[in-house]
Amino acid sequence: MIPTDEPCLSAADPGSPPPPTDLPQDAALEMLRSPYERSLDCVHCGLCLPPCPTYRVSGHESDSPRGRILLIRAMAEGRLSPDDASGWEALDGCLDCRACESACPSGVTYGRILEETRRERPRLARGSLRERSLRFLLDRFIASPRGRKAALEAAVLLRALGLDRLLSRLPVLPGLLRHALSLGRSLPPRSSRRPIPPGLYPAEGPPKARIGLFTGCLMEDFFGNANRAALSLLRRCGLEVLVPSDQGCCGALHLHQGFEEACVRLLERNFAAFEGVDFIVSTAAGCGSTLREAGAIRGNDRACAFSSRVLDLSVCLDRFGPPPRPRAVPLRVVWDDPCHLRHAQGITEEPRRLLRGIPGLRLLEVEASESCCGSAGIYNLRRPETADAILERRLEALLGSGAEAVVTGNPGCQLQIANGLRARRSPLEVFHLAEILERAAGGGETAPKAPALNGSRSSRPA
Amino acid sequence: MTSPLFPGDPVELADLLKEGAAQGRKAFVAGRDSRAGFGADPGPIDLRLRLERMTGFLRFSPEDLTCSLGPGTTLGEFEETLSEEGLAFAPGPFHGCRERTLGGLLAESPPNPRGFDRAHLRSQCLGFEAVDGRGRRFAAGGRVVKNVAGYDLMKLFVGSGGALMAVTRLELRLIALPPVILCLRSDWLPPLEAAGVWRKLRRRLPTPSWLDLVLDGGRACVELGLAGAASHVTELARGSGLRTVAEGLEAWRGGGGTEIPAGGEVRGRVRPSEVGSFLESLGGNARGRIHYQGAFGLEVGYPDSLPPAFRGPPSLEPAAAKIALRLKDRLGGILAPGRLSFRIPRPLPERGRRVR
Amino acid sequence: MPRESRLPVPIRNALPEGRILEDPATRLVYEYDAWSIVRNPPLAVAFPESTAEVRNLVRACIESGVAWTARGAGTCLSGGATPSGGTCLLIETSRMDRILSLDPEDRIAVVQPGRINLELSRAAAPFGLHFAPDPSSQSASTLGGNLAENAGGPHCFKYGMTTDHVLGLTLVDGEGEVCRLHRDDGLDLCGLVVGSEGTFGVLTECELRLIPTPTAVRTFLASFSSMEAACRAVAKIVSSGTVPAALEILDRLSIEAVEASVFAAGYPKGADAVLLVELDGEEDEVEAERIPVLRAVQSEAPLEVEETSDPEQRARLWRGRKGAFGAMGRLKPDLFVLDGVVPPSKLAAVLAEITAIGREQDILLSNVFHAGDGNLHPNLSFDGRNPGERERAMEAGRRILKLCVDAGGSISGEHGIGFEKIEHLSYLFSPTDLEILGEVRRCFDPAERCNPGKVLPLGRACGEGSSARRPGILPSREREDP
């Protein structure tokens, strides 16, 4: 029969663990007060499981939003030690794609629960070597333009010497580096990495409003062409565009990893840089989502005023445009919803509407278009195996759709999908929304190909 | 042959069975015994019981579309009362079964034209009170159409052939009688041709009331039942290419069709896509009906000509047979010892386990 | 495997490495399903991928004297997928989610139990077919779980419960034997297994019926100034012979909660009840059926009637119904959903009494329900942190279920008994009834190791020595005890 050290409990058994809402008064709870309070909205119904990409890969409840919320609650209640590795392993596994928030019937603010918990991690758990190295990486190579430049130059050099391929074949290379190298291969040519010169660009026709263009870090480095296309499109819509010289990283990656104060510092700089514009437009869904949440994160009037003026490029073009689209683009395309557009900002219709208006273009819908591609900020560097498995599902859908091109609105997704397609030797091309729209608008004879695909030095900037 | 006893209420029935069990007798409980000689031989019986005194409506709630019945109520009186109230029993038509009791009909669960999906006989029984083969009185289910409290013993009763329990009170689901009912037929055709018509109509009509492939030796026809709102039914009838042979209540009760009844002794299920090869294997040797989802009841001239899967008692794999025999032993007690017989195919070697 | 594994060796060896987890986080997240009252962290969690692997696991459990509970997505509302106890192995079927075959002409699909309900329908959609049972959790709940619980949903009023759509199944029974059950006429073991809440064995394959997807759908929304009027309208629709695909009612508090939430559907404020009716089928069928529906609704002096077949407008009308559970969940930290059934003719009277019980127990109580079949879902919203509130909610729940039974109904229409309603079984069943249920269960699982403690109280002597249970069943059953 059943061993008796822990007897089977029945419904009436008083030995059941305490109900969730008996507040234990200890330190962990104090630190996790805010995520804990937010977690009380969760009724444990499980509707967030199928949309969660990590759950779909492993089938483990601990890789699901419901499971992670329960782990955070358990830490706050003192039922799970904050030092327990399996708990953090599960929390680190989250992509922060927020697909669960779209599915949640109770409106649980899962993204904030996770970010606030990650924020408290250094105070909760011992051994933060991982934290420190991650922080170092983000500060030096993402948020710092100089560090970013240096890293890119190094990658370009490696590629030029053909060393990247050689290195990536070394069996001893850690997965993270191997992936970083493969991203390096996606680097566009130096010519298209030319940043947009700061300044005020006039509108075509009388200006309807003044836009501040947020150029982003990855976006500017990898997809400068798309930023330039966005600039042109905004002007075509009768918008005056300011590209401030003192703008900087939005801090999204810091925020997702729980480095909230660093994120706030970066945000503050942007509050100042974008003083005086009517709207701030982001070409990257990830940045846009953080900028739009600045108010909620910072909680003061200035931040809220800033946040309320942030628009994704697609929303701005849809509202003030649409831009003229005289030229046919005879392509079958799929719009790939970036998670931080679809789930974090609830934007699905605007980009589709803009694409449908392009003559000759056929917009296809694929199954599970709401599912993450596995890029998720720097997730593909932290968890390459899971990211690959998630990407695999996404690629299956894209390749089975009969599309000739994929259009998206976030640099991470664009890199991830392009890399995956290249590994499969697929002819599918990947574009930023701005590139396709600009091509339809008649700009740039040589509408830039997705750099990830041809990567050749011969392609010319628009 | 022992003469039957007629218990008048559940207590008497329970006492008789309890006593019989104590004396090691073998019992058989029937409704009116109108099906004596059919089905698997119940074996040597020395206690015959008939429930024809336990009859009539014990509760009638037309507004909830439910009722309670004594098991000895005949299908004829049941359907009569229902149609007076504008109500109906979803399964059927049960050709030539007006004198049969509802308890017996449910226990046998013969295939019938409308008896698929929600209109299957086993979905009509919402609950019951019964006596098991040791004389224990018990109840299961309830009176409401949606109920998952306790195990679904109603499924265990319907189709058990009287081998597990004798029901003393039935709770049944009813439906409103559809406003318009039509029965339509094709001409007699060569069986394979009729099967072609049947398959084509099957694909075209998502929700017929019934759609039978009627076999009569070397010929066959298609019989279609339609029920519902007038305009819709007329539209479907027009598009079917069949001719109307009966309407209204007459059609509902199986009138106007062929003389070939449902519920033949050789029973099973054939996949609709495989009906052609099934007909070929019958070789023009069968009379009966194949229903919308492939369940059939046939009379077969030379049973040996049937494909082995349809010959003799149903086949049950060893693990399932083990469970059925346990149920028979614990619940069935002294009831119908010969019933619930099945062939047990030789167990397959357990590959996965051995290799390890 | 970690060195300090608590698992018996046979279980550890039953699956390939890495598919049995016993770390603290895993054990913690599997401690309960969507019913939060009882929580038992399992001994470990196993992730089998085939019938053979489940059989190996079950045999290893038997050898080691360990009980097991099977779980799909853990959306059960009665604790059916909550581990039976701390020494219970949880068998998670999330990795058994393949469609093994799908035959469009015969309209039959064979699937593994971890397949999500909606994703079977999605796979069948290109053939114009779907799987009819649609529990509210259908976007997450697995078919294995649906079968185990005999799940319902709004559309089961027309199409029947899960059991009406099962053609066969494969079960690894309580003795670790693989049992294939087909549903031909004759003894229906398959039907007995559906709804047995995992206490007969672990499902490893399901053969299911698909039905043609209706080509036309029309949704009606009618609001009424009194709940009685809404219930009368339902009775008139049902007795007209029309069988709507769904008949749903929301009461005043639900309407207010929904309209104050992100699910606001534009339900008229100030209405006492909102009735949603959906007709489906072929175009002219729906066209013909709308007349009796409108006649029934109009005869009860509705405040407002809306009718649409536009997919977006239909989605809007349904949004409030589908979001009601979530909207109620936000009113208070805790939510307790009941699942009583009453004969439809008693709906109005029972609802009035339920409201009175909520008031007496001082608990926020709202009703969203399947009116066609009388399946009530009173939602009790409360804050368990306030002293006494949880107890009052439980007492209200108990009284409501008793009320349903006294009205001739049942304690569960579709959520199952699980852990949750074991103590309420005595409202419906006598000790002998329970004894028989126990015997039937032991025909499948003689040692009672399959999900013990669910459906029936633990132990062989269930019903026999428990003097606490009231002997006999309802007086209204008109059964005189010998």
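When you take every Cα atom in the range C:21-96, what is the radius of gyration, and what is Dmax, the widest Cα pair distance, in Å?
When restricted to the Cα atoms of the range C:21-96, Rg and Dmax are 11.6, 34 Å.
Take the Cα of A:ALA423, step 7 Å along the line toward its Cβ, and report every residue of the range A:79-100 whose backbone nitrogen sits under 18 Å from that point.
The answer is A:95.
Using helices alone, I'd like the mean residue ellipticity at 222 nm for the protein assembly as shown: each DSSP H run of four-plus residues gives -39500 (n - 2.57), total over residue count, nearest 500.
Per the formula, -10500 deg cm²/dmol.
So what's chain B giving for Cα Rg divided by 2.2 N^0.38 Å, two decimals?
So chain B has a normalised radius of gyration of 1.04.
Sum up the charges of everything whose Cβ sits under 9 Å from the Cβ of B:GLY135, counting Lys and Arg as +1 and Asp and Glu as -1, but leave B:GLY135 out.
Here the count lands on +1.
Please compute the average number of Cβ atoms from other chains found within 10 Å of each residue's Cβ in peptide C:194-204.
2
Would you work out the charge dipole size for the range B:178-218 about its Cα centre, treating the Cβ of every Lys and Arg as +1 and the Cβ of every Asp and Glu as -1, and quote it to the nearest 20 debye?
300 debye
Where in the range C:6-32 does the amide nitrogen come within less than 14 Å of the point 7 Å from the Cα of C:ALA447, taken along Cα to Cβ?
C:8-11
Sorted by average packing, counted as other Cβ atoms within 10 angstrom per residue and highest first, what order do C:9-17, A:229-237 take?
Ranked from most to least packed, the peptides come out as A:229-237, C:9-17.
If you average 1/r over every pair of different alpha-carbon atoms in the range A:192-320 and take one over that average, what Kirkwood value in Å do you get?
It works out to 14.5 Å.
Using a Gaussian network model of chain B whose springs link C-alpha atoms within less than 10 Å, name the residue from B:PRO307, B:PRO337, B:PRO62 with the highest mean-square fluctuation.
The residue that fluctuates most here is B:PRO307.
List the extent of the Cα atoms of the range C:53-211 along each of their three principal axes, largest first, rounded to whole Å.
Largest to smallest, the principal-axis extents are 48, 31, 26 Å.
Charges only on Cβ, +1 for Lys and Arg, -1 for Asp and Glu: so what's the dipole of the range C:9-92 about the Cα centre, in debye to the nearest 20?
The dipole of the range C:9-92 has a size of about 140 debye.
I'd like the FRET efficiency for B:LYS200 and B:GLU299, computed as 1/(1 + (r/R0)^6) with the beta carbon distance as r and R0 of 25 Å, rounded to 0.05.
0.40
Which of A:LEU341, A:SER289, A:LEU361 sits farthest toward the positive end of the charge dipole of the range A:266-406, with +1 on the Cβ of Lys and Arg and -1 on the Cβ of Asp and Glu?
The one lying farthest along the dipole's positive direction is A:LEU361.
Quick one: go through the range C:211-225 and flag any residue whose amide nitrogen is under 18 Å from the point 7 Å out along the Cα-to-Cβ line of C:GLN313.
The answer is C:216-223.
What share of Cα pairs, in percent, lie more than 29 angstrom apart in the range B:166-319?
For the range B:166-319, the fraction of Cα-Cα distances above 29 Å is 23 percent.
Given the protein assembly as shown, report the % of alpha carbon pairs whose separation exceeds 46 Å.
42 percent
Where the only charges are on Cβ atoms (+1 Lys, Arg; -1 Asp, Glu), what is the dipole of the range C:216-322 about its Cα centre, to the nearest 20 debye?
Roughly 400 debye, rounded to the nearest 20.
What is the ratio of the Cα radius of gyration of the range B:180-266 to 2.2 N^0.38 Å, with N the residue count, to two decimals?
Rg over 2.2 N^0.38 Å, computed on Cα atoms: 1.03.
Toward the positive end of the charge dipole of chain C, about the Cα centre and with charges on Cβ (Lys, Arg +1; Asp, Glu -1), which of C:VAL258, C:VAL243, C:PRO41 goes farthest?
Toward the positive end, the furthest listed residue is C:PRO41.
Can you tell me which aspartates and glutamates have their Cα less than 19 Å from the Cα of A:LYS208? Leave out same-chain residues fewer than eight positions away.
A:GLU240, A:GLU275, A:ASP278, A:ASP312, A:ASP318
Can you list the lysines whose alpha carbon sits under 27 Å from that of B:LYS146, skipping same-chain ones fewer than 8 residues off?
Reachable lysines: B:LYS155, C:LYS158, C:LYS236, C:LYS322, C:LYS346, C:LYS402, C:LYS421, C:LYS454.
Say the dipole of chain C comes from +1 at the beta carbon of Lys and Arg and -1 at that of Asp and Glu; which of C:PRO343, C:PRO83, C:VAL54 then lies farthest toward its positive end?
Selected residue: C:PRO83.
Let me check I have the definition right: for the range C:85-129, take the eigenvalues of the Cα gyration tensor, multiply each by 5, take square roots. What are those semi-axes in whole Å, largest first?
Ellipsoid half-lengths, sorted descending, are 29, 10, 7 Å.
Could you check how many percent of all C-alpha pairs in the range C:332-426 are farther apart than 22 Å?
That tail contains 22 percent of the Cα-Cα pairs.
Whole number please: convex hull volume per residue of the Cα set in chain C, in Å³?
160 Å³
Taking a ≥ b ≥ c as the square roots of the eigenvalues of the Cα gyration tensor of the range A:277-434, is the shape rounded (a/c under 1.5), prolate (a/b larger than b/c) or oblate?
Verdict is oblate for the range A:277-434.
Throughout, read-outs are computed from the coordinates displayed, never taken from laboratory work. Nothing here was measured: the structure is a model prediction, and the numbers come from that model. Note that we place each Cβ from the backbone using ideal geometry, even for glycine, and neighbour counts take in every protein chain shown.
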